[in-house]
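Quick notes on the structure that follows.
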Amino acid sequence: MQAEHEPRPAGAGPLRLVVGRIGRAHGIKGEVTVEVRTDDPERRFAPGSVLLTDPAHVGPLTVAAGRVHSGRLLLSFEGVRDRNAAEALRGTLLLVEVDADERLEDPDEFYDHQLVGLTAVQADGVEVGRVSEVLHLPAQDVLVVKDAHGRESLVPFVAEIVPEVDLDAGRVVLNPPPGLLNLQEAEETRPE
């Protein structure tokens, strides 16, 4: 269960999603390393793909070629022919536009904007809060669930703990291990 990262909240019309970040230059012919932030790098970084950029004045960039070297994605872009030009791109975010209503082909993958705002409920239907953010950590994605009192719980976005995401119903079902949500503590601290 993964999601592509968004640089801004969902809104009307197309959304811009971050699919990568340019790292350092590689070699002298204009290649750059790319920190991949998408589950579909073959499609997003295919030769001929046009990527928007943040900052915008750097792009758009058209992928000329890509390869994996020592476990790292290396890309070259049209018009970027030497190390100096490649180094000038360092830190640039690579973006794609998607329709806000677009769904991914894999039913277990979601865009961040589809998850933020969903009601989080336990398997018995008890409401826990709302998903306020999706964190993309090195080990896994994490849902930030905020309860009615503003307390946040970090919920690993894995099938064992989040067995169901129902976009049409506007909810995620949680099966948290004991202590993850601290619901008993929350009940004890509620004003009567």
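Based on this model, can you work out whether Leu52 counts as under 29 Å from Leu167 (Cα atoms), in contact with a Lys or Arg (Cβ under 8 Å, 6 or more places away or on another chain) and at pLDDT 90 or above? When the stated conditions are applied, Leu52 passes them. Tell me which residues, restricted to region 13-38, are assigned to a loop (DSSP other than H, G, I, E, B) and surrounded by fewer than 16 Cβ atoms within 10 Å (Cβ to Cβ). Listed by number, the residues that qualify are Gly13, Gly27, Ile28, Lys29. The requirement of being in contact with an Asp or Glu (Cβ under 6 Å, 6 or more places away or on another chain) and outside any loop (DSSP other than H, G, I, E, B) is satisfied by Val144. Screening Arg24, Arg43 for residues that are in the same structural domain as Arg90 (by TED's automatic domain parsing) and under 17 Å from the mean Cα position of the chain (by Cα) leaves exactly one candidate, Arg43. When residues in region 113-141 are screened for being surrounded by fewer than 18 Cβ atoms within 10 Å (Cβ to Cβ) and either at pLDDT 90 or above or outside any loop (DSSP other than H, G, I, E, B) (or both), 7 of them pass. Selection within region 46-55: residues that are under 22 Å from the mean Cα position of the chain (by Cα) and farther than 10 Å from Leu94 by Cα. The member of this set that is surrounded by the most Cβ atoms within 10 Å (Cβ to Cβ) is Ser49.
The values are calculated or read from the model by the stated rules, or taken from the named source; none is laboratory data. Computed from a prediction, not measured in an experiment: that's the story for all the values here. Glycine gets a Cβ as well: all are built from the backbone with ideal geometry, and neighbour counts include every protein chain shown.
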